[in-house]
Amino acid sequence: MTQKPKLAVWKFASCDGCQLSLLDCEDELLAVAGAVDIAYFPEATRRMVDGPYDVSLVEGSITTPHDAERIVAIRKNSKKLITIGACATAGGIQALRNFRDVKEWTSLVYAHPEYIDTLAHSSPIAEHVKVDFELRGCPINKMQLVEVLAAFLNQRKPLVPNHSVCVECKLNEQVCVMVTQQTPCLGPVTQAGCGALCPRYLRGCFGCFGPKENPNTASMATQWRTSGASESQIFRAFRGINGYAEAFRLESERSEQRLQPTEQEAK
Amino acid sequence: MTPQDLKAFLAEHPFFSTLPAEDLAIMASYAEYANFAVGDILLREGQQATRFYVLREGSVAIDVHHPARGLITLMTVGKGDVVGWSWLLEPYLSQFDARVLRPTKALVFDAVALRASFEQHPALGYAVTRKLLAQVTKRLYAARIQLLDLYGISNNP
Amino acid sequence: MHYRLEASDLEQLLDALKADGYALLGPQRQDNAILYDTLESVADLPQGWTDQQEAGQYKLKRREDAAYFGYVVGPRSWKRVFLPPRKRLWSATQQDGVWSISEEPLPTQKVALIGVRACEIHAIAIQDRVLREGPYPDPYYTTMRAQSLIIAVNCTQAAPTCFCTSMDTGPNATFGFDLSLTELLEPAHCFVVEVGSPKGQALVETLGLPAANDPDQARAQAGVDQARKQIKRTLQRDDVKALLYRNLEHARWDEVASRCLSCANCTMVCPTCFCTEMEDITDLTGDHAERWQRWDSCFHGQFTHVHGGPVRQSTRSRYRQWLTHKLASWEDQFGTTGCVGCGRCIAWCPAGIDLTAEVKAFRESEHTQENNKR
Amino acid sequence: MGASPAIRPMTPRPFRIEAVRPETPNVFTWTLRPTQEDGPLVFQPGQFNMLSIFGVGEVPISVSGDAEQSEIWVHTIRSVGTVTQVMETKKAGEIVGVRGPFGNTWPLQAAEGCDVVLAVGGLGLAPMRPTIYHVLHHRERYKRVYLLYGARTPKDILYPDELKAWSESGALDIRTTVDVGMDGWDGEVGLVTDLISDIRIDPYHSIAMVCGPEIMMHFTAKALFHRRIAPARIFLSMERSMRCGTGWCGHCQLGPTFLCKDGPVYDYPSIQPWLHKREL
């Protein structure tokens, strides 16, 4: 048997939730540990083996100049680099800063903003280095993570379909909450992967896995309006965890433009 | 080949066959018949374009030198094709090399004199220009299809 | 010959099926819809409930009566029985470089489908042409079809999304069932039963059903007629194939693409859509591999993926593929249209896109062009 | 239709890679032998198999061997996608899965007594090779037989030794051209369509079979048509994303047909309306 592939797990600006998904793989963790050498995973083990690594899992977004340098070094030291979670693939919730003036915010939040060395934007890893695969989700689905690892270990394409959450609902034979309850749901424009978790509990999809391939967010927003959603509801739906992902960002900007006149009227 | 032979030959060649007899005579007066051996260079990139060839037999490669990849053949032409049209347009410099691939028989025209004669015979100049344009079009079509990379794409997953 | 089954004896029919070894599948109220699922008894049926449907809308409502089958069709279709959303095709295990492949065993459980609508019988017949009657019969499908029994229910009411009358697929079942029931609420709650097969005949005899009298039969007919009258949606299908083929580059495709979410709901709820994806998976070691077949949709980019990307990149081309397949090329392929007029794709489209309206739009634009020429 | 696949047409049968032969950069040929008694491997030229790497995936690959060799499958594969890239790493002795053969065949009977034009581009020579073998085995049944072959560069020419042998035997009139000549290539440089203008055929008693990428076939069919070969006598082999081979999965639809089941070989008039349509 040849040496087991070395796996490293890296953290950038994030809540750690996606890394925890790996630890959460209770049943599969042994199999993972059996298949790979967990060489660097500070969240889980103090053991640290030097690179190069066969697979690096990267969680979190780039928010500081230091992180921007660190990711380049990690890329150089990794054969395959896989980003995990909405922060790493779309900038995360902290990308809300991208729509505002960060200087102004830091001056309001910190007593000594001069010590804060932060970038104006929170950006996905792929804006900085080449990424071999982006695993979506907030948090990621642990089964998808195991699948991605299995795929990389077996040189195949990860079975991570980029179709809508609707397909997941239908494959699970769940009833559409939008059609039966007029519940605002982002399922039709959101990539599957969560197992249609929210619709399973008769709630609308929050878009945790970001825009699906070919998303028609404009029609989605129109549909929400028709079924009675307020403009600020629509705005917030798209300006969420994946608010900096292009399709959602553009839709939230369109919605924001619609909001502004009403705000002015209110004034 | 006598001038008469040349004229008769031109009359049968598709490139000239539609020209009236007096034009054929003019064309024949600027032409001579030649045989070329493998490796002969008919045109050289960057040099004065003073000749124009109509091929009767054989094969000629249109080449370009690529600094990294060496000699690259862009196309081959043969019977019925013409080699060279830079002589008709300023700055009268050949754009590519033309190299004989297989023993080739061709009519060689004194392109400089021919061009000058077109000033006296604009109708002939127009007719020859149209013929050349047809060849240019054919080669442009081929170049465009080659750009599509006809064989490179495969649909296998 | 028609028979009469008292509503109070419906349980006996279910019991007789169970006694015969059938697992029962039938309608029941779940998650704000009427769904086909495993049925234990008559008590599971959605008695006293109905559905209200419009483009992009489906709502359950209480009925004022105790009808068992007083609804139209829900989001599930019977294709889940014969072509499940996901199924394993085979698994393979490697030992010392030698792979052994084991096929997934074929199902052995007989199933009785209770409450199959006329349009759904047509849908099953259409899928039969694809998966049972082609050069390569699908073993799972064929097996399940062979061991299924169909109790049809004729429609006595229609939803605004229904257009079976345009497609000649309803509202009453004319073939493809073992028994068909027409539910009568007045003067007494009962069913008029029609036999469609020897198996159905045997059931009638087991239950010892009496013959239905003429007034009952007339009332059953009146119920079906009522459903027919309620159907307002239409799709002119005689020339729709040529119409769509003529208009492959029509601007209307862009218009519908501006509304279409390419979410694939229409294809998932469609009782005839049969496209599937083959998925290969392994465990982490790679020593165990499986291939699964799952529902897929022509609305997905991956669906037409070739080296270099999907053939159908735009939503426009995907909707065009779906509609022209359903209503035009299906005829070339299988000698029948792919649409049965059940209206599911209209009701369950989150954007409320209505294929009958799209077809009308093409037809009207041609009329306008004709008129402009004159 | 050739041999009917197993009763369960979706289940691959295990085959051992007997030999791997590199052809051109990224292209290699497998010889596959069944690991279990499987009966003769019967196919018609033009048909394809679904080849599996267990746990990685499955791809449709035309049979490129000789139909008279019924104990092996021969497949020429270009490594371009995830599955074929893994295939390229497989060595002799390893096990792969095979389903098939699927699809229809070239009009070899209809071509009897006719001049035959085989026009191939790029890897299209691989699916055409069984036809060539068939013609060579039954040379007397056909009149003039041309093989017109276009490749990108001299390096991309498939089966060069066989091409030479066929040509020298005089059984086939082989004309090869490349898009770009290099590395001392002294043959034709130009379009495969240009080769068509030079052949001598009786257009009224000719059958043309064309195999290559769709765009190449589109232009080649046009050129054949200019040589007065009736469209109904021009046949193309189409390629799309095929997943099942049986017509169940719907992926390979092109207009009114399923390429896996109704094709891959079509006469030009029946496929022409659907060729070259954007995103169809």
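The numbers here are math on the coordinates, done by the rules we state, and not lab data. Keep in mind that this is a model prediction, so the values were computed, not measured. Cβ: placed from backbone, ideal geometry, glycine included. Neighbour counts: every protein chain shown.
Apply the Karplus curve 6.51 cos²θ - 1.76 cosθ + 1.60, θ = phi - 60°, to the phi angles in region C:183-196 and return the couplings in whole Hz, x for Gly and Pro.
7, 10, 9, 10, x, 10, 6, 8, 10, 8, 10, 10, 8, x
Excluding residues fewer than 8 places away in the same chain, name every one of the aspartates and glutamates whose C-alpha is closer than 19 Å to that of residue D:91.
Cross-link targets: C:96, C:287, D:18, D:23, D:58.
Let me know the shape class of chain C, please: from the alpha-carbon gyration tensor, a ≥ b ≥ c as square roots of the eigenvalues, rounded when a/c is under 1.5, otherwise prolate if a/b is greater than b/c, or oblate.
Values: a/c = 2.06, a/b = 1.15, b/c = 1.79.
Taking the square roots of the gyration eigenvalues as a ≥ b ≥ c, chain C is oblate.
As a test, work out the antiparallel percent of DSSP beta bridges whose residues both lie in region A:6-153, rounded to the nearest 5.
15 percent
On average over all directions, what projected area in square nanometres does chain D have, based on the convex hull of its Cα atoms?
14.4 nm²
In debye, nearest 20, what is the charge dipole magnitude of region A:6-153 about its Cα centre with +1 on Lys and Arg Cβ and -1 on Asp and Glu Cβ, if you could check?
My answer is approximately 300 debye.
Any chance you could count the Lys pairs in region D:115-274 whose alpha carbons are under 27 Å apart, treating pairs 8 or more apart or on different chains as valid?
4
Which is farthest toward the positive dipole end of the protein assembly as shown among A:19, C:98, C:262, measuring Cα position about the Cα centre, with Cβ charges +1 (Lys, Arg) and -1 (Asp, Glu)?
The listed residue farthest towards the positive side: C:262.
Do you know the relative contact order of region B:32-146, to the nearest whole percent, from alpha carbon pairs under 8 angstrom that are 6+ apart?
Relative contact order of region B:32-146: 35 percent.
Could you tell me which GluC sites (Glu not before Pro) in region B:14-106 are loop residues by DSSP with no more than 16 other beta carbons within 10 angstrom of their beta carbon?
Values: sites: B:22, B:32, B:45, B:57; in loops: B:45.
Here the sparse-neighbourhood loop sites are B:45.
Please report the antiparallel percentage of the DSSP beta bridges confined to the protein assembly as shown, to the nearest 5.
Percentage antiparallel, nearest 5: 70.
FRET efficiency for residue D:18 and residue A:200, Cβ-Cβ distance as r, R0 = 51 Å, nearest 0.05?
E(calc), rounded to 0.05, equals 0.50.
Quick one: grab the alpha carbon gyration tensor of region D:142-201, order the square roots of its eigenvalues as a ≥ b ≥ c, and give me rounded if a/c is under 1.5, else prolate or oblate depending on whether a/b is larger than b/c.
Here region D:142-201 falls in the oblate category.
Over all directions, average the projected area of the Cα convex hull of the protein assembly as shown and note it in nm².
With every direction weighted equally, the projected area is 56.7 nm².
Kirkwood hydrodynamic radius for region C:151-225: how many Å is it when counted over pairs of different Cα atoms?
Numbers: mean 1/r = 0.0762 Å⁻¹.
Evaluated on region C:151-225, it is 13.1 Å.
Would you work out the relative contact order for region D:115-274, in percent, from Cα pairs under 8 angstrom that are 6 or more residues apart? Provide the component values of the computation, followed by the final result.
Working: 276 pairs, mean separation 33.3, N = 160.
Once divided by the residue count of region D:115-274, the mean separation gives 21 percent.
Can you compute 3J(HN,Hα) from phi for each residue in region C:204-214, using the Karplus curve 6.51 cos²θ - 1.76 cosθ + 1.60 with θ = phi - 60°, rounded to whole Hz and x for Gly and Pro?
Values, residue by residue: 4, 6, 4, 7, x, 6, x, 5, 7, 7, 4 Hz.
Using just the Cα positions, wrap region D:13-102 in a convex hull and report its mean projected area in square nanometres, one decimal place.
Numbers: hull surface 20.9 nm².
Reported value for the Cα convex hull: 5.2 nm².
With both bridge residues required to lie in chain D, what share of the DSSP beta bridges run antiparallel, to the nearest 5%?
Beta bridges within chain D, antiparallel portion: roughly 60 percent.
If you put +1 on each Lys and Arg Cβ and -1 on each Asp and Glu Cβ, how big is the dipole of the protein assembly as shown around its Cα centre, in Debye rounded to 20? It would help to have the intermediate numbers written out before the result.
Details: 113 positive and 123 negative charges, 268 e Å.
Using Cβ point charges on Lys, Arg, Asp and Glu, the protein assembly as shown gives about 1280 debye.
How about residue C:59: which lysines have a C-alpha closer than 21 Å to its C-alpha, ignoring those fewer than 8 places off in the same chain?
Of all the lysines, those that pass the test against residue C:59 - Cα under 21 Å, at least 8 places apart if same chain - are A:170, C:232.
Please list, ordered by chain and number, the residues whose modelled amide H lies under 5 Å from the amide H of residue B:43; skip anything fewer than 5 residues away on the same chain.
Amide H to amide H, under 5 Å and 5 or more residues apart or across chains, residue B:43 pairs with B:98.
Taking springs between alpha-carbon atoms closer than 10 angstrom, which of C:107, C:171, C:160 fluctuates most in the Gaussian network model of chain C?
Checking each option, the largest mean-square fluctuation is seen for C:107.
Can you grab the distance from the C-alpha centre of region B:17-86 to the C-alpha centre of region D:71-94, Å, no decimals?
Cα centres, region B:17-86 to region D:71-94: 46 Å.
Could you tell me the convex hull volume per residue, in Å³, taken over the Cα atoms of region C:1-145?
Numbers: hull volume 26.5 nm³, N = 145.
Enclosed volume per residue, from the Cα hull, is 183 Å³.
Which of the lysines could a cross-linker span from residue A:11 if the Cα-Cα distance has to be under 23 Å and same-chain partners fewer than 8 positions apart are dropped?
Candidates past the 8-residue exclusion: A:76, A:79, A:80, A:130, A:142.
List the residues whose amide H sits under 5 Å from the amide H of residue C:49, counting only those 5 or more places along or on another chain, with H placed 1.01 Å from N in the peptide plane.
Answer set, sorted by chain and number: C:63, C:70.
Taking amide H atoms as placed 1.01 Å from N in the peptide plane, list the residues 5 or more away in sequence, or in a different chain, whose amide H sits under 5 Å from that of residue B:51.
For residue B:51, the qualifying residues are B:111.
Determine the shape class of chain A: with a ≥ b ≥ c the square roots of the Cα gyration tensor eigenvalues, call it rounded for a/c under 1.5, and otherwise prolate if a/b is greater than b/c, oblate otherwise.
Oblate shape, in that a/c is at least 1.5 and b/c is the bigger or equal ratio.
In whole Hz, what ³J(HN,Hα) sequence does region D:152-168 give by Karplus (6.51, -1.76, 1.60; θ = phi - 60°), x for Gly and Pro?
The phi angles translate into 5, 9, x, 5, 8, 6, 7, 6, x, 5, 5, 4, 5, 5, 4, 5, 5 Hz.
Based on Cβ point charges of +1 for Lys and Arg and -1 for Asp and Glu, what charge dipole magnitude is obtained for region D:13-102 about its Cα centre, in debye rounded to the nearest 20?
The dipole of region D:13-102 has a size of about 240 debye.
Give the distance, in whole Å, between the Cα centre of region A:1-64 and the Cα centre of region C:141-199.
57 Å
Return a whole-number percent for the relative contact order of chain A, with Cα pairs under 8 Å and 6 or more residues apart as the contact set. Let's see the in-between values first.
Working: 481 pairs, mean separation 42.3, N = 267.
With pairs under 8 Å counted, the relative contact order is 16 percent.
Charges on Cβ only, +1 for Lys and Arg, -1 for Asp and Glu, centred on the Cα centroid of chain A; of A:161, A:197, A:9, which one is farthest towards the dipole's positive end?
Looking along the dipole axis, the top candidate is A:161.
Under Stokes-Einstein, with the Kirkwood radius over Cα pairs standing in for Rh, what whole-number D in µm²/s applies to region B:85-157 at 4 °C and 1.567 mPa s?
84 µm²/s
Of the GluC sites (Glu not before Pro) in region C:78-159, which ones lie in a loop per DSSP and count no more than 15 other C-beta atoms within 10 Å?
Here the GluC sites (Glu not before Pro) that fit, given the DSSP loop and packing criteria, are C:133.
Please list the equivalent ellipsoid semi-axes of region A:6-153, computed as the square roots of five times the alpha-carbon gyration tensor eigenvalues, in descending order and whole angstrom.
After diagonalising the Cα gyration tensor, the semi-axes are 29, 15, 14 Å.
Taking the Cα centre of region A:6-153 as the origin and placing charges on Cβ (Lys, Arg +1; Asp, Glu -1), which of A:93, A:125, A:144 is farthest toward the positive end of the dipole?
My answer, from the dipole projection, is A:125.
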